[in-house]
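The values are calculated or read from the model by the stated rules, or taken from the named source; none is laboratory data. Quick caveat, the model's predicted, so the values are computed rather than measured. For neighbour counting, all protein chains shown are included, and Cβ atoms are generated from backbone atoms with ideal geometry for every residue, glycine included. Ligands, DNA and RNA are excluded from the accessible area calculation, which covers all protein heavy atoms including side chains. Shrake-Rupley method; radii C 1.70, N 1.55, O 1.52, S 1.80 Å.
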Amino acid sequence: MVIEQFKDEFIDEVMSDEWQEEILPHKQMMAYYRCAIMEVETKFRVLNEELSLCYDRNPIESIHSRLKSNASITKKLKLKGYPINVETMEKYLYDIAGLRVVCSFKLDIYHLAQCLLQQDDIRLVKKKDYIQNPKANGYRSLHLIIEVPIFLENEKKWVKVEVQFRTLAMDFWASLEHKLRYKKVIDDDKESYIAHQLLGCAQMCNDLDDKMSSIKEYLE
Ligand code: GTP
Ligand code: MG
């Protein structure tokens, strides 16, 4: 299993003026998010170990984690019209701590999600199943917003983490779609052609997933 941090967010950033009043609480909160990522990542590593003993294969191909950058946090709070402070970021942003779990097969996604959610220190905040209900552009993935407790010196703190589950094929599509579209202004006349092509690719990825699963079932 490959475990890596995506993006550059563990780098110490220069704080923008908006946070000057709250630099310390903000730093502290970001440390809690980092701890929450570690907690949830460990849970998946443990599950991967256990399931590989039971079924003789690893259901997880890779885990990627990221902490949202201060610039992105500030931008998102502004966009949503909330004041820039630690309280609003904790209350209104659900994706500051993020994990992406890439699985071998669709069924592994649901099994892992179920195993995670039945743990008695995990709270489910929100679930979006873009596998059962893909987005109009073809995006597929299972998103869970969970809360995990972080045990501090004198208290227990519940921290939100976004977990995205994808198969290799879903991840392939989403990564390239993001790369092709990110920060690009696409001409109106090209837009519908590109959207159509990407939707077709998403369908092919889904067909691949289903075909691979049926080969697995056949072998079993
Ligand atoms: P954000 O405010 O962007 O976090 O979105 P949201 O609150 O509507 O949540 P949603 O669960 O729909 O999406 C959250 C994350 O899923 C995004 O930040 C992306 O990482 C991923 N995602 C959602 N839609 C797409 C998509 O169409 N393409 C790609 N490549 N990734 C997507
Ligand atoms: Mg997001």
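Multiplying the residue separation of residue 28 and residue 186 by 0.36 nm and removing their Cα-Cα distance gives an extension gain of 52.9 nm. Straight-line reach from residue 216: which aspartates and glutamates have Cα under 18 Å away, leaving out those fewer than 8 places along the same chain? Cross-link targets: 56, 61, 108, 207.
Protection proxy ranking of 94-102, 113-121, by the mean of other Cβ atoms within 10 Å over each peptide's residues and highest first, is 94-102, 113-121. Rounded to the nearest whole angstrom, the semi-axes of the ellipsoid equivalent to segment 122-211, taken from the Cα gyration tensor as √(5λ), stand at 34, 16, 10, largest first. Placing a pseudo-label 7 Å from each Cα along the Cα-to-Cβ vector at residue 124 and residue 199 gives an inter-label distance of 3.0 nm. Taking 0.36 nm per residue of separation and subtracting the Cα-Cα distance, full extension of the segment from residue 214 to residue 91 would add 40.0 nm.
Of 76/190; 78/128; 80/157; 76/179; 43/184, which sit over 27 Å apart, Cα to Cα? Those over the limit are 76/190; 43/184.
Under a GNM of the chain (C-alpha, springs under 10 Å), which listed residue has the highest mean-square fluctuation: 148, 86, 40? Its mean-square fluctuation being the largest, the pick is 86. Surface composition of the chain: carbon and sulfur atoms hold 53% of the protein heavy-atom accessible area at a 1.4 Å probe.
Give, rounded to the nearest 20 debye, the magnitude of the charge dipole that the chain has about its Cα centre when Lys and Arg contribute +1 at Cβ and Asp and Glu contribute -1 at Cβ. Value, rounded to 20: 440 debye.
For segment 151-165, the residues whose amide N sits under 13 Å from a probe point set 7 Å from the Cα of residue 42 along the beta carbon direction are 151-152.
I want to verify a result. In a Gaussian network model of the chain, Cα cutoff 10 Å, which of these has the top mean-square fluctuation: 41, 18, 177? Largest GNM mean-square fluctuation: 18.
Which value, in Å², gives the accessible area per residue of segment 2-168 when a 1.4 Å probe is used on the protein heavy atoms? Spelled out: the 1.4 Å probe surface of segment 2-168, per residue, equals 54 Å².
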